[in-house]
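Trainee: Here it is, the structure, as C-alpha cells.
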C-alpha cells in the first residue's frame, strides 16, 4: 500500500517502484493471460515465470506455445522459466496452475511467506481462504488475518471463483443485496477457452454443443456463489442461503461464457403484493447500471468503470459483441423480464479468461495492495 | 387408407397406387426437406410443387437453390413449379410456407376440400385444429370432424408444433403421463437451420451465441406443449395445466436443437415422501426407453422404432452425434438427475428440420392416412 | 456372380462365408471408420480388434471413445481388444495405426504371412509396396509377387495414399491419361478430422486457418501422385514425370479436403496450336464424367458407380454439400477453366476419412480379393 | 496540409481544427468500420453520415444495426443520417457504398468539388483515378491533377483496392521492386466479413468452404495489382507486366484473408545461375521486415510502424492470431520457401475490413492531406 492512498483519495496510479510478481503455471492458457495482462501493469512488475519441469530452464518463448492475439512481450520472451517448487523472490505469486498440482504448490509457497493470488479451484472453499470478487466481498479479506495465524507467518492464499461463477455472482449481486434471492436456475453456454488450449478437440465441438463440463463445474457454480455472497463472521464464512441449480454446456465460441438465469426473490408473496413486477425490474436495471464496489471506490488500475452493464436490447448480451467491454472486466446483463414460474429471468455474460480468470486474480492482488495486505 | 389396414393388423407398407401430394413453399428450407423426405415414400407420390410468384413456371431445379447434402432427385428437378393459389390436384398439401402467407393460403385450400398438413405456425392454436405429435396425441384427430363441419366440406388443416416444442413435448410426455408435471424451465440452444437458409448471417453467429429468437419463439414453447399434452373434450381442446418458462438461444450448430430442462412433478411433497428420487428417476428412464405410441403401433413408414432414446452417458445427447438417430425422427434424452430446486433436470435433443419440421408433418399425414381421414 | 462380369475374374457379391479381418489401431479415428464401414460388409467379417497396450483386454466399447454419428455396432461393442503384437487369426489386417508404430508392426505381421492393407504412411514409398488407387493403378498389384518373394511367404503390405493425395491423384488421372501433365500447383484446405480426434484443438482452429500441416503433408502430396500415376516395370516403380508444388492449410471443416489446382499439360505449345482450350476443357469434363476403372469393371462392393463427379456450377464442389456423394467414395470436381499462366485450373474435393482413408483401404482389400491375391 | 509539414519533418499529429468528413453508406459493414476508425481521429472529424433513403432522417443509432465489438460512439449515435444525394458540407467523403450505387453517387459528389476516398470497386480502374496503397504507389497521386482538370474543379476520386488485392500487392511489393515478378498463382481463403454483414448465410458456410466469390473477385485480384505496381507516366497508368492467376475461396473465419502465393521472378534463369535460392529468400525476408513507404516517412496517423511483418514460424501467419497486428494495418507474411515449379512460395494475411477496406481508405485520406491535396 502506497503512502498516497487514504480513505478519501483514490489510489495513486504512479509508482516509484513496482512490486515484483511471479506467475505459476506460466505456460498454460491462464498463465499466458497473466503474462499478457501484467505487461505494463502500473503497480506490478513481472519478475518470475514458473512452470513444470518440462519447461524449466527454457526461455519463456521456447517453453510457451503463445496463443494470444497480441504479440508476446519481448522482454518476457527472453526470461528463463523456473521450476515449480524453486525458491522465488516475488512478493505476489499469481497461480494459474492446473488443479492437479495447485493444491500442494500453493500451500508450499504460502507457508513460506508468499502471497498467493490463485485462479485454481483447490483452496477456494477452504474455511479461512477468501473467495474474492472485490466489487462484492472485499470485506472477506478479514479472513486473511486468521489464515496468517494458522500458517504462522505473513503468507496466505486468496482465490477468485470459477469463471462462470464470477459472471453469475456479479450478475445477481445487486438483486441479492436489494431483495434477497431464494433460489435460481442457471444454464451456461461456455466458451472453449475455459478448458485451456488443448482442452476441447475441434472434432468434439465444431457444429456441436456438449451438455457437460468435467471437473465438477456444476457443483462449483452451485456452491461458490453462496460463499461469495455470504459473510465472514470473524471466525468463519457464513454462506448466503439461496439454492442454485446449474446445467452447463460447452458451445463453439472462443471466449465469453453466456448464461440464462431464472430466480425467485425472498418474501416474494409479500413483495409482489406491494410492488408490481415491472417496478421491481426497473429498479433492478438501475441498480445494475449504478453498481460499484471497492475497486471503483479505490480506483484500482484493472477495475472497470462499471462492473455491470445492462444492455437494453432484445438480443443481447452476445459473447462476440460484448465480452470485451471495459477490457473484458465487466459483466453484461440483458433481457431482464418476469419469469412465469419464479420471479425474474435474464441473460448474463462474462469474459471467462479475463474477468473470469487472470483479470480477476490481478484485480484481487490490486485490492490486497490497496488494503495494505502485502 | 388401404384395404389391408384394420384395428388388429399393422398398416401395409405396400401400395398399388401412391397418394398424390403437393408441397407448398417448396423452394424454402422446410420445403426442400419435404422434397427430400418424400422421395421414394411408400405411400405418397410428390405430384405438385408450389411456391411464390417469383418461382412459378420455372423448373424446380431453376427455382430452388438446393442446399441439402443429398442430390436433388432428378425427377423432381424437372417438375414445373406452380404459383401459390393455383388450383391443385393433390390429396394432401404439405405446407412449409412462410408464416407471412401461410395463414391465408392454407385456409384457402382447406376450404376448397384439401387436406393441409402444415408446419407453419399460423393455425396451430386454432380451436379445432389438431397440433399433432402422433406418439402423444393421435386422438386429437377427433377435432377434424368438427373442423370439417365448420368448413362445410372434407378439407381441413392439421399442424405440427414448433421445432423446439416437439423436442420438449416428446421428452416430457412419459413424465407427464406417469406423474404429472407442475412446472418446468427450459433453455434451448437452437441450430441455425431453424431459421431457414438465409435466416442467420454467418457474421452474426460465428464465435457467438444469440440469446434471442424472433417470431415469438419463447411464447410458442411456453404454450404449444400445453395444447399437445392436453385433451380434446369433443368440443374444444383443454390445455394441460403445467407452466413453462422458456429461454431460447441460437448457437452455431447446423442441425439439432439441444435443451436443458428442469421440472417439478405434481404432488411432489407426497410423492417424495413415498418414493426416493432415485427410484423415480430409474422409473422414468425405463418409461423413456419403452415409450411408444400410435405411429409404432400402426407401423407408419416414417415412425422411429423408438421415438425416445435415453443415452446413459454423462455428456450426451450432443447435436452432431445424436441428431440423426432413427433418420432424425427420434428425440434423445440424457443426464436425468435430481434438481435441487424443482425435482428433476435433464437434457433433450431433437433434429429440428426432420422430427421438428418436415418429418413431423409427413408422420402426421401417414397417421391421417392410416386412420382413414383422407 | 453376375453374368456380365469378365470371364477371368468374376467377383461374386454373395458369399457363403465372409473373410475374417482385423483392424489394427481400432480405437483411433481411422480405426473407428474401419469398424463403421466393415459393419455388414458383404465379403469381410470383422473378427479382431487390435490396439495399444492401454486398450488391450478391454471391450471395444470401453476402449474406444466412439465419435462417429452412427451408433457403435452392438456386436462390435462387446468384442475384446487384443494387444498390438499378439498373434492374430484374420486373413486381412486393416491398419489405421499411428505412424509412430505402424512401420514395425506392419512389417512384423506381413513377415508372418498376413495381408496388410494399410492407411499409414510408413511403407507407402517402399520399392515393392503398391500405393494403390484401384481406379488408377490396379496393375501395380504386380509388385506383390516380388514383395512376397522378399518376405519368403504369402504375407505382404499394400497401402493407400495420403488423404489429400487420393483426391488430387483421382482428379488429375483422366487429364494425365489423356494429355499428360507437365506440372501442377495445389493448395489444400483440409478438414480437422484428417488429424484424428484430438489432433486439432478447437482453440487453434475456430475462426482461423492454419497454413501448415505436420508430418510432411506437403512432401507426401508432392511425391505420392508420381508413384501412383507411374508404372511398375516388373522390377520397380517408375514415377510419372510431372512436378507438383503443394501448399496445405487446415480449415474449420469437419470432413472433406477441398483443393484448388492449376496445371500445365505436356506439349502445351503444340497442343494449343491444334486445339482451342475450350475444346480441351469440354473433353476433360467428359472424361471425368465417364471415368471408370477396375473397381467399377469388377463390381467391387465399395466401388462408387462414378469415381469422379463433375459438378457444373460456379461455386461447387463444397465440403458439406458434396463430400458424401456415393457414400463418400467419389471425388468431386468443378470450376474447370483456363489458367492464364499454366493451362487449366479447377477445384477438387475428397472425403478424407472415407475415400481418403478407411474406405480407400477397404476398396484395396476388395481388389486384392477379386484378383485372387488373398 | 498543415503548416508544420515539410519535406524534412514528419506530419504534426496535433491539429488546431480537424477536417470535417462524411461517410457515405454509413450503415453498412464498411461504413461502420469507417465510423469506428474515425472516432478520435487526430486529423478528421466525423461530421456527416449518409445512407440510403431507408435510413435518412433517422439517428445513426436507429438506422445502423451496429455489429462491431466496440461500443457505438455516443456522439455518433445521435447524429441524424442524411440521404445519399443530399448536399454535404464535408471536405472528404469516405465511400463505403454498395457498388450498385457507388458509381453514380461518387461521380456526382466529385463533380461538385468533393474529395471522394472510396472503398468501392466502381472507379478503381478509371484511367485517371489512383488505385492507392500509399506504401507502394503514393506517386500515383499525380493523376489527381489530370482528373481535376477533367472535372473542371477541385473534386476528385481516389480508391483503395479490393481487400485481397491489398494483401497480395503489399506482400509482393518488395519482391517486385527488388527482382521483378514474372507471374504468380494465388489461392485465397477469405473471411465472411468481406461479404458484408448479411453477405454469407451461416447455413452456407458453417463446416464448409465455398470455392467461389461473386462480383468478379478473381478478376479484381488478377488485374488490380498490375495497376498498383505499375506507374503513372504523366498521361496514363502503365500496368506492371506480370500475370496473376487467382483462385478464391470463402472460409468460416470472421476477419482476415489468408492466401497462398507461388511466383516466378523475372530473368530467373540468369538470376538462379548467379544467386542460390536461399540467398534470394534471405534477402527478401530482410526486405519485407524493413519495408517502409510514404506513410511511414510522413508519419501518417494510421500508418503501421512496419507495413509488412515477416513471421518466422512454420505455421504462421494465421487469421485469428495475426490479423490485428498494428491495429489491423499491417500485412503478415510467412513460410517463404522455394517453389519446385516457379521460384518462391509463401503465405500472406491481411485484415480485410481494416487494412483491406476502411483503414486503407483513411490512410489514403491522410496521404492526400499530408500531400496538400485537399
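Trainee: How big is the equivalent ellipsoid of the stretch D:244-337 along its three axes, where each semi-axis is √(5λ) from the Cα gyration tensor, reported in whole Å from largest to smallest?
Mentor: Equivalent ellipsoid of the stretch D:244-337: 26, 20, 13 Å, largest first.
Trainee: So which residue, out of C:34, C:44, C:94, gets the largest mean-square fluctuation from a GNM of chain C using Cα contacts under 10 Å as springs?
Mentor: Evaluated over chain C, the most mobile residue of the options is C:44.
Trainee: To confirm my reading of the symmetry, which residue of chain A has the Cβ nearest the axis that brings A onto B, and what whole-Å distance does it have?
Mentor: A:187, 2
Trainee: Report the Rg/Rh value for the stretch A:284-374, based on alpha-carbon coordinates and the Kirkwood definition of Rh.
Mentor: For the stretch A:284-374, the value is 1.04.
Trainee: Right, something else. By per-residue mean of other Cβ atoms within 10 Å, what is the highest-first order of B:167-179, D:70-82?
Mentor: Ranked by mean Cβ neighbours within 10 Å, highest first: B:167-179, D:70-82.
Trainee: Label point 7 Å out from residue B:145 along Cα-to-Cβ: which residues of the stretch B:209-246 have amide N under 19 Å?
Mentor: Only B:231-238 fall inside the zone, counting backbone N under 19 Å.
Trainee: Only counting other Cβ atoms within 10 Å, I'd like D:27, B:187 sorted with the fewest neighbours first.
Mentor: D:27, B:187
Trainee: Rg and Dmax in Å for chain B, alpha carbons only: what are they?
Mentor: Over chain B's Cα set, Rg and Dmax evaluate to 20.2, 67 Å.
Trainee: Normalised radius of gyration for the stretch B:163-352, please: alpha carbon Rg relative to 2.2 N^0.38 Å, two decimal places.
Mentor: 1.04
Trainee: Between residue B:154 and residue B:243, what's the calculated FRET efficiency when r is the beta-carbon distance and R0 is 35 Å? Round to 0.05.
Mentor: The pair residue B:154/residue B:243 has a calculated efficiency of 0.40.
Trainee: While we're here: Can you list, shortest first in nanometers, how far residue B:145 lies from the same residue in the other copies, with each label 7 Å from Cα toward Cβ?
Mentor: Sorted ascending, the copy-to-copy spacings read 8.2, 8.2, 9.5 nm.
Trainee: Something else: Ignore the peptide's own chain and count Cβ atoms of other chains within 10 Å of each Cβ in C:179-188; give me the average, rounded.
Mentor: The mean count of partner-chain Cβ atoms within 10 Å per residue comes to 3.
Trainee: Give me the compactness ratio for the stretch B:134-274, meaning the Cα radius of gyration over 2.2 N^0.38 Å.
Mentor: For the stretch B:134-274, the normalised Cα radius of gyration comes out at 1.23.
Trainee: Efficiency by 1/(1 + (r/R0)^6): what FRET value for residue A:198 and residue A:305, r their Cβ-Cβ distance, R0 = 30 Å, to the nearest 0.05?
Mentor: Step by step, r from the Cβ atoms, then E = 0.25.
Trainee: Note down the relative contact order for the stretch D:163-352 as a percent, whole number, built from C-alpha pairs under 8 angstrom at least six residues apart.
Mentor: Reported as a whole number, the value is 28 percent.
Trainee: So, one more: Would you calculate, for chain A, the mean residue ellipticity at 222 nm contributed by helices, counting each DSSP H stretch of 4 or more residues as -39,500 (n - 2.57) and dividing by all residues, to the nearest 500?
Mentor: So the helix-based figure for chain A works out to -8500 deg cm²/dmol.
Trainee: Along Cα-to-Cβ, 7 Å out, sits the label point; list in nm, shortest first, how far the one on residue B:214 is from those in the other copies.
Mentor: 2.0, 4.2, 4.6
Trainee: How far apart are the residue A:290 label points across copies, placing each 7 Å from Cα toward Cβ, in nm, shortest first?
Mentor: Distances to the matching label points in the other copies: 6.1, 6.2, 8.3 nm.
Trainee: For residue B:314, project a label point 7 Å along Cα to C-beta. Then give me every residue of the stretch B:322-358 with its amide nitrogen under 17 Å of that point.
Mentor: B:334-338, B:346-347
Trainee: Right, here's the next one. How big is the antiparallel share of DSSP beta bridges in the stretch B:163-352, given as a percent to the nearest 5?
Mentor: The antiparallel proportion sits near 65 percent.
Trainee: What's the average, rounded to a whole number, of partner chain beta-carbon atoms within 10 Å of each residue's beta-carbon in C:349-362?
Mentor: Taking all residues of C:349-362 together, the mean is 0.
Trainee: I've got another one for you. Mind checking the angle between helix B:163-178 and chain B's longest principal axis? C-alpha axes, 0 to 90 degrees, to the nearest 10.
Mentor: Compared with the principal axis, the helix lies near 50 degrees.
Trainee: Taking each pair of distinct Cα atoms in the stretch B:29-79 once, what is the resulting Kirkwood hydrodynamic radius in Å?
Mentor: The Cα-based Kirkwood calculation yields 11.4 Å.
Trainee: In peptide B:316-324, how many Cβ atoms from other protein chains are near each Cβ within 10 Å, on average?
Mentor: Partner Cβ neighbours, averaged per residue: 6.
Trainee: What angle, in degrees between 0 and 90 and rounded to the nearest 10, separates the Cα long axis of helix D:217-228 from the longest principal axis of the Cα atoms of chain D?
Mentor: The two axes meet at around 90 degrees.
Trainee: Average projected area of the Cα convex hull of the stretch A:168-239, in nm²?
Mentor: It is 6.6 nm².
Trainee: Once the convex hull of the C-alpha atoms of the stretch A:82-168 is built, how many Å³ does it hold per residue, rounded to a whole number?
Mentor: Cα convex hull per residue, to the nearest whole number: 95 Å³.
Trainee: Could you work out the relative contact order of chain A? I mean the mean sequence separation of Cα pairs under 8 Å and 6+ apart, divided by the number of residues, in percent.
Mentor: 18
Trainee: Continuing with this model, one more query. Can you tell me the orientation of helix D:359-370 relative to chain D, as the angle in degrees between its alpha-carbon axis and the longest Cα principal axis, to the nearest 10?
Mentor: Once rounded, one gets 80 degrees.
Trainee: Pick out which of D:140, D:108, D:309 has the largest mean-square fluctuation in a Gaussian network model of chain D, springs linking Cα atoms closer than 10 Å.
Mentor: D:108
Trainee: Which one of C:40, C:364, C:137 has the biggest mean-square fluctuation once chain C is modelled by GNM with Cα springs under 10 Å?
Mentor: Highest fluctuation among the options: C:40.
Trainee: Right, next: Above 65 Å lies some portion of the pair distances; for the protein assembly as shown, what is it as a whole percent of all C-alpha pairs?
Mentor: 13
Trainee: On to the next question. At a Förster distance of 35 Å, what's the computed FRET efficiency of residue B:104 paired with residue B:327, Cβ-Cβ distance as r, to 0.05?
Mentor: 0.60
Coordinate-derived values only; no laboratory data. Predicted model only: the values in this text are computed from it and were never measured. Glycine also receives a Cβ, built like all others from the backbone with ideal geometry; neighbour counts cover every protein chain displayed.
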